[in-house]
There are 2 protein chains.
Amino acid sequence: MRVVLAAGATETALIDGISAAGAAPELMAHTPAADAEILAYGEPTAAPVVPVSPTGCPTPAAVTRAVREAVGFDLSVVDAGLAKPTAAPTVDLEAEPGADVRDPVAVPGAERIFERAREYGRDLPDDELLLGETIPGGTTTALGALTALGESVGVSSSLPENPLERKRRVVERGLAESGLEAGDCEDAPLRAIRAVGDPVQAAVAGIAAGVLEGGTRVVLAGGTQMVAVAALLRHAGIDSPLEVATTSFVADEQGEALPEACSRLECELTVTDPGFEGRDHVSMARYCAGEAKEGVAMGGALSLVPDGGMGAVRDRFEGVCRRLGVDGERDDRAGGPSDRAADPPEGSRGS
Amino acid sequence: MRVVLAAGATETALIDGISAAGAAPELMAHTPAADAEILAYGEPTAAPVVPVSPTGCPTPAAVTRAVREAVGFDLSVVDAGLAKPTAAPTVDLEAEPGADVRDPVAVPGAERIFERAREYGRDLPDDELLLGETIPGGTTTALGALTALGESVGVSSSLPENPLERKRRVVERGLAESGLEAGDCEDAPLRAIRAVGDPVQAAVAGIAAGVLEGGTRVVLAGGTQMVAVAALLRHAGIDSPLEVATTSFVADEQGEALPEACSRLECELTVTDPGFEGRDHVSMARYCAGEAKEGVAMGGALSLVPDGGMGAVRDRFEGVCRRLGVDGERDDRAGGPSDRAADPPEGSRGS
């Protein structure tokens, strides 16, 4: 199994109150670079930030890395417009960071990125691929793409209180500045990305399109950002089987909207619960409180964990958190090295 | 365990009769890109060449990939001056391909590449690293560096008949064009690389230097090219423990010269025999006949195989060869799925 992570940037993330993916705007630009390093090496190496929120919630990359350590998977990071250098090995699509969606053009190179990504995907010999993303501001650009396509789907947030109204206003302004109205890009998904999307969407959609040409199974690993990619693929006329695999945190936030959107887009939906509520660990508690929720292929990675394996993932997650400087502050240390017996039911549920 | 592969190019490879790493000079430039893809994906993906000699000898990357499939290791490919694009994820050191060693300057950016590589190595959190290379023409540049350092060590060849005299003449001319005599760079290893080396040497030596600063164990995975890197490190005043791990094919060719060189450079030497002579497979026969011998971290990767595991590596190697279009033409198909019982003794020997 290979996880392909598309990592990039959009200036949309700098809009006040949009993203939690980084403590301060000037540091947030390093988050995708750090996420890639965490997946590749187990911790940030060259990136000058450790993506942990002030409350102790680490980047979803920490969960995906925990799964990698527990279960094992191949990794390819694709540079889909990184704003800062990373020491992680990356596949070069010659993508540039995206502009603010409120600019007339958000992704000037959308078509070129899509085509390069499609070639890359077409050449991959793997039998099964899981595609993830890391791009601060990505749920706003997801809303942008969905709105331009005429899909009335809500989007998730890395913040406990989703600033959805703010995102809607940003997207409305973005469409207006691009001379578009909602639904105007119904048959032109690359135009939607170009106007109000981000370069990671072009990369993920392109890789998926290329991989699907060869009949290989593709899992879109993520929440509403991956629903947006699924919509982009459907609006491009691609009718191959598609799957979205996300976390219970996104599913709980989205309620019926998520399975309804997936059903309308003819996507299988897999939701996986990492069972974080059973442990008294600050980072797991933050996830349970609705922070971060998803990203960096977290939900898809969790779907790879076999029955009975989630305790080992939580153990590994605690180890990754320690490396990121979060010691967990557990109250149940007297309870012994494993709290598996006390853990609630866990695992994936399809829809 | 992580294998870091430095991949690059030098115009030295284009000198007639120097390298077997590619069927034709114009295609050889793609070999490192294809090697990286073979390690990352199991076969070339975007690279337009399949590095197999006309006699059916595949690139050593096929052996290293076989070990990866059988034993498992993390992989980071470092772009140390690739001449052609690769679809493998790479760490960017902003290195350019090297010039011909007969030019006055062979590696203008030697110092910069070394420093970037050192930073990369310093940041790596791994406990143990294996460093390999893929650069056609690399044994000639190894001879260049060794000669400039004043180390009278012979070098190996990917050809069954080592064109050592030709390499010596090329290096002599290179030194003369650089205004140097043998031994002139005794205390200036980066000057040796700049004058008559290649960018991969700068990258591997830099990564090793950075990793050694943190006290991490480094294995230089290769033959005489890695002896040259060991010499560069020693001449830079680095006296940390060093190990060279190579194949029995290089060791057999080099005789006493290899352990003597390692002893003088205070390097541990590990030699591993993949047991290819026991199978009637065309590619294994070509290795036994002295083709290719080493490269792409082959010897180091083989040293990772636990006792009794080499049969599985040979099985995997046959699978990789099939993907590269070499069907093996085995005569013993009637003998059943495994020829392990007939295999000779195998494994690593230290010195």
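Give the angle, between 0 and 90 degrees and rounded to the nearest 10, that separates the Cα long axis of helix B:164-177 from the longest principal axis of the Cα atoms of chain B.
That works out to roughly 20 degrees.
Helix A:110-123 sits at what angle to the longest principal axis of chain A, using alpha carbons and giving 0 to 90 degrees rounded to 10?
Taking Cα atoms only, the helix is inclined about 60 degrees.
Over both sides of the B-A contact, add up the buried accessible area with a 1.4 Å probe and give it to the nearest 100 Å². Provide the component values of the computation, followed by the final result.
Values: alone 13340 and 13330 Å², together 25240 Å².
Buried: approximately 1400 Å² between A and B.
Summing -39500 (n - 2.57) over the DSSP H runs of n ≥ 4 in chain A and dividing by its residue number, what mean residue ellipticity at 222 nm do you reach, to the nearest 500 deg cm²/dmol? Before the final figure, lay out each step's value.
On the way: 14 runs with 143 residues, N = 351.
Roughly -12000 deg cm²/dmol at 222 nm, from the helical runs in chain A.
For region B:280-294, what does the Karplus curve 6.51 cos²θ - 1.76 cosθ + 1.60, with θ = phi - 60°, yield as ³J(HN,Hα) per residue in whole Hz, taken in order and with x for Gly and Pro?
Each residue's phi maps through the Karplus curve to give 8, 10, 4, 5, 5, 4, 5, 4, 5, 7, x, 7, 6, 6, 5 Hz.
Ordered by packing density, taken as the mean number of other Cβ atoms within 10 Å over each peptide's residues, highest first, how do B:317-323, A:180-186 rank? It would help to have the intermediate numbers written out before the result.
On the way: B:317-323: 19.6, A:180-186: 16.9.
Final packing ranking: B:317-323, A:180-186.
Taking the Cβ of residue A:133 as the centre, find all other residues whose Cβ is under 12 Å away and add up their charges (Lys, Arg: +1; Asp, Glu: -1). Kindly include the intermediate steps, with their values, before the conclusion.
Working: positive: none; negative: A:35, A:198, A:294.
With Lys, Arg at +1 and Asp, Glu at -1, the net is -3.
For the pair residue A:69 and residue A:94, how long in nm is the line joining their label points, each one 7 Å along Cα→Cβ?
Here the modelled spin labels are 3.9 nm apart.
Using packing as a proxy for protection, rank A:304-312, B:131-139 so that the peptide with the highest average count of other Cβ atoms within 10 Å comes first.
B:131-139, A:304-312
With θ taken as phi - 60° and the coefficients 6.51, -1.76 and 1.60, list the Karplus ³J(HN,Hα) couplings across region B:6-13 in order, rounded to whole Hz; mark glycine and proline as x.
8, 10, x, 9, 9, 5, 4, 4
To check you understand DSSP bridge types, tell me what percent of the beta bridges within region A:1-159 (both residues inside) are antiparallel, rounded to 5. Before the final figure, lay out the partial values.
On the way: 1 of 17 bridges.
Taking every DSSP beta bridge within region A:1-159, about 5 percent pair in antiparallel fashion.
What FRET efficiency do you get for residue B:164 and residue A:322 if R0 is 41 Å and r is their Cβ-Cβ distance, rounded to the nearest 0.05? Display every interim value, and only then the final one.
Numbers: r = 53 Å, r/R0 = 1.29.
Between residue B:164 and residue A:322 the formula returns 0.20.
Of all beta bridges DSSP finds with both residues in chain B, what is the antiparallel percent, to the nearest 5?
Values: 5 of 34 bridges.
Close to 15 percent.
Please compute the net charge surrounding residue B:179, taking Lys and Arg as +1 and Asp and Glu as -1 over other residues with Cβ under 14 Å from its Cβ.
Details: positive: B:102, B:173, B:191, B:194; negative: B:103, B:172, B:177, B:181, B:184.
Neighbour charge sum, excluding residue B:179 itself: -1.
Looking only at other chains, what is the average number of their beta-carbon atoms within 10 angstrom of each beta-carbon in A:72-85? Don't jump to the answer; show the numbers that get you there.
Numbers: counts 1, 0, 6, 4, 5, 1, 2, 3, 0, 0, 0, 0, 0, 3.
That works out to 2 on average.
Would you grab the residues whose amide H sits under 5 Å from the one on residue A:83? Only those 5+ places off in sequence or on another chain, please, with H modelled 1.01 Å from N.
Under 5 Å from the amide H of residue A:83 lie the amide H atoms of A:9, each far enough along the sequence or on another chain.
Around residue A:111, under 11 Å between beta carbons, what's the net of Lys plus Arg minus Asp minus Glu among the other residues? Before the final figure, lay out each step's value.
Details: positive: A:112, A:116, A:118, A:191, A:194; negative: A:115.
After counting each charged neighbour, the total is +4.
For residue A:169, which inter-copy label distances result when the label point lies 7 Å beyond Cα on the Cα-to-Cβ vector, reported in nm to one decimal and in ascending order?
Copy-to-copy label distances for residue A:169: 7.8 nm.
Starting from the coordinates of the alpha-carbon atoms of region A:89-182, obtain the Kirkwood hydrodynamic radius over all distinct pairs and give the value in Å to one decimal.
Details: mean 1/r = 0.0663 Å⁻¹.
Computed over Cα pairs of region A:89-182, the Kirkwood hydrodynamic radius comes out at 15.1 Å.
May I ask you to evaluate 6.51 cos²θ - 1.76 cosθ + 1.60, the Karplus curve with θ = phi - 60°, for each residue of region A:205-216 and list the ³J(HN,Hα) values in order in whole Hz, giving x for glycine and proline?
Result, ordered by residue: 4, x, 4, 4, 4, x, 5, 5, 4, x, x, 7 Hz.
For residue B:244, what residues show an amide H to amide H distance below 5 Å, using hydrogens built from the backbone and excluding near sequence neighbours?
Residues meeting the criterion, in which the H sits 1.01 Å from N, are B:220, B:268, B:269, B:270.
Express the relative contact order of chain A as a whole percentage, based on alpha carbon pairs under 8 Å and six or more residues apart in sequence.
Working: 850 pairs, mean separation 78.0, N = 351.
Computed value for chain A: 22 percent relative contact order.
Which of the cysteines in chain A are isolated, no other cysteine C-beta under 4.7 Å?
For chain A, the answer is A:57, A:185, A:288, A:321, because their Cβ atoms have no other cysteine Cβ under 4.7 Å.
Counting only heavy atoms of the protein chains, get the accessible area per residue of the protein assembly as shown (1.4 Å probe) and round it to a whole Å² value.
For the protein assembly as shown, the solvent-accessible area averages 36 Å² per residue.
Average partner chain C-beta neighbours within 10 Å, per residue of A:113-122?
Numbers: counts 0, 0, 0, 0, 0, 0, 3, 3, 0, 2.
Per residue, the number of nearby Cβ atoms from other chains is 1 on average.
Put the label 7 Å from Cα along Cα→Cβ for residue A:217; what are its distances to the other copies, in nanometres, shortest first?
3.8
Give the total of Lys-Lys pairs in the protein assembly as shown with Cα-Cα distances below 26 Å; include a pair only if its members are 8 or more places apart or on different chains. Intermediate results must be reported in sequence, preceding the final value.
Values: A:84/A:167; A:84/A:293; A:84/B:84; A:167/A:293; B:84/B:167; B:84/B:293; B:167/B:293.
So the count works out to 7.
Ranked highest first by average number of other Cβ atoms within 10 Å, how do A:163-176, B:59-72 line up? If you can, show how the numbers build up before the last one.
Numbers: A:163-176: 17.9, B:59-72: 25.6.
Highest mean packing first, the order is B:59-72, A:163-176.
Calculate what fraction, in whole %, of the accessible area of region A:15-110 sits on carbon and sulfur atoms when a 1.4 Å probe is rolled over the protein chains. Numbers along the way, then the final one.
Working: 1530 of 2980 Å².
That fraction is 51 percent.
Quick one: work out the % antiparallel among DSSP beta bridges in the protein assembly as shown, nearest 5. Mind showing how you got there, number by number?
On the way: 11 of 69 bridges.
That works out to approximately 15 percent antiparallel.
Take peptide A:87-97, look around each residue's Cβ out to 10 angstrom, count Cβ atoms belonging to other protein chains, and average those counts. Before the final figure, lay out the partial values.
Working: counts 8, 4, 14, 6, 8, 7, 0, 1, 0, 0, 0.
Other-chain Cβ atoms within 10 Å of each residue's Cβ, averaged: 4.
If amide H atoms are built 1.01 Å from N in the plane of the peptide, which residues on other chains or at least 5 residues away come under 5 Å of the amide H of residue A:91?
A:77, A:78, A:79, B:90
The values are calculated or read from the model by the stated rules, or taken from the named source; none is laboratory data. Source: prediction; values computed, not measured. Using ideal geometry, Cβ is built from the backbone for each residue, glycine included, and neighbour counts are taken over all protein chains shown. All accessible areas refer to the heavy atoms of the entire protein, side chains included, with ligands and DNA or RNA removed. Shrake-Rupley method; radii C 1.70, N 1.55, O 1.52, S 1.80 Å.
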